[in-house]
Every structure is written in C-alpha cells, then in structure tokens.
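Single-structure report; data block below.
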C-alpha cells in the first residue's frame, strides 16, 4: 500500500503487518475505563477508518500498541492520542530535530530515588503531518517509535492517531 500525506509517500507492507498481527493477536489489555471505551468503540468506527486500517494490514484495531485518553472536550467527545506499529518506510518525509533530556537516577538525602537532568541529546526523526480520515479521526506516520515488541518486523513505522470519540461504556468517564 502506498499512502501520500503532503509531499511524503508512505510505503506500507500490508502483508507483513497483517502476518505479524495474525501471529501475535495480543490486544492492549489496560483495564482503565478510557482504554476499555476505546476498545469498545473501535467496532463503531466509520468505514473510512476501518478500510484504511485494513488496507494498512491492521484487521483488528484492538491490536493497538498504546491508548492514551487525553481529555473530555467541550462537545462531550473524548480526545484520544494512540498509536500502532506497522511495517513500512517513508519517502520525502519532513525531518524534525528533537531535544531529548538525558537523566540519571540518583538517591536524594532522604533515600528516595530521583531523576536528575544531566544534559540533552538531539535526535532527528522523520514524520508526516496529521491527515484527516474523517472529521473526528486523523492519522500521521513517524519513525520515532515506542513500546515496540522485540520481534516486530523492520522497517518499522509508528502510525499515530488523534480521535474524538463518544463515551459508550457503562462506567464513569473520569477524563
């Protein structure tokens, strides 16, 4: 699958991505209400969202790597920032230089573990802008990854999403 965002072309190996998730069907298992709400709502995503993820090699959106419920918006929808891993690469992606703090774990005078900033390092990452799939669902790609399983195939991209979804489960929304 090839997908374009601005001047960037994202080449996704849908077969390798689907094969990985077929062999490793684990789902995000966080039990907080925000994560449960997202996993329940994926069944209700519009066709545009489901079709995109299926074409990218993700047949079941519950294989998401991380679910981050951020806040309830004024319109009552919950803002999520989430991500998946996919096999793929980018051509002509924008480069961004990040300043990353370096820290060291130390023990303070009371015997507590603390992290002390010891400087910074820079990291260059490639990423796309966010692109709307629907009026409440956006995607972007980056080569800056987190929480990647050891055996995930390479080349690797992180597919990030921003979604505005309703609260649908029978638990209190604490976000």
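When Rg and the Kirkwood Rh are both derived from Cα coordinates, the Rg/Rh ratio for the range 16-74 amounts to 1.00. Each Cα pair under 8 Å and six or more residues apart adds its sequence gap; the mean of these over the residue count of the chain is a relative contact order of 26 percent. Note on residue 47/residue 143: beta-carbon distance plugged into 1/(1 + (r/R0)^6) with R0 of 25 Å gives a FRET efficiency of 0.30. In terms of overall dimensions, the C-alpha atoms belonging to the chain reach 57, 43, 35 Å along their principal axes, ordered largest to smallest. When its C-alpha radius of gyration is set against 2.2 N^0.38 Å (N residues), the range 57-147 gives a value of 1.48. Have a look at 48, 66, 138 and tell me which one the Gaussian network model of the chain (Cα, springs below 10 Å) gives the largest fluctuation. Among 48, 66, 138, the largest mean-square fluctuation in the Gaussian network model of the chain belongs to 48.
Quickly estimate the mean residue ellipticity at 222 nm for the chain, helices only: each DSSP H run with n ≥ 4 gives -39500 (n - 2.57), and the total goes over all residues, rounded to 500. Write down the numbers at each step before the final one.
Working: 3 runs with 28 residues, N = 175.
My calculation for the chain gives -4500 deg cm²/dmol from helical runs alone.
Within the listed set 76, 34, 111, the Gaussian network model of the chain (springs between alpha-carbon atoms below 10 Å) gives the highest mean-square fluctuation for 111. Summary of the geometry: the range 127-175 and the range 27-69, compared by the centres of their Cα atoms, lie 9 Å apart.
Computed from the coordinates by the stated procedures, all read-outs in this text should not be read as laboratory data. Worth saying up front: this structure is predicted, and the values here are computed from it rather than measured. Don't worry about glycine lacking a Cβ; one is built from the backbone with ideal geometry, like all the others, and counts go over all protein chains shown.
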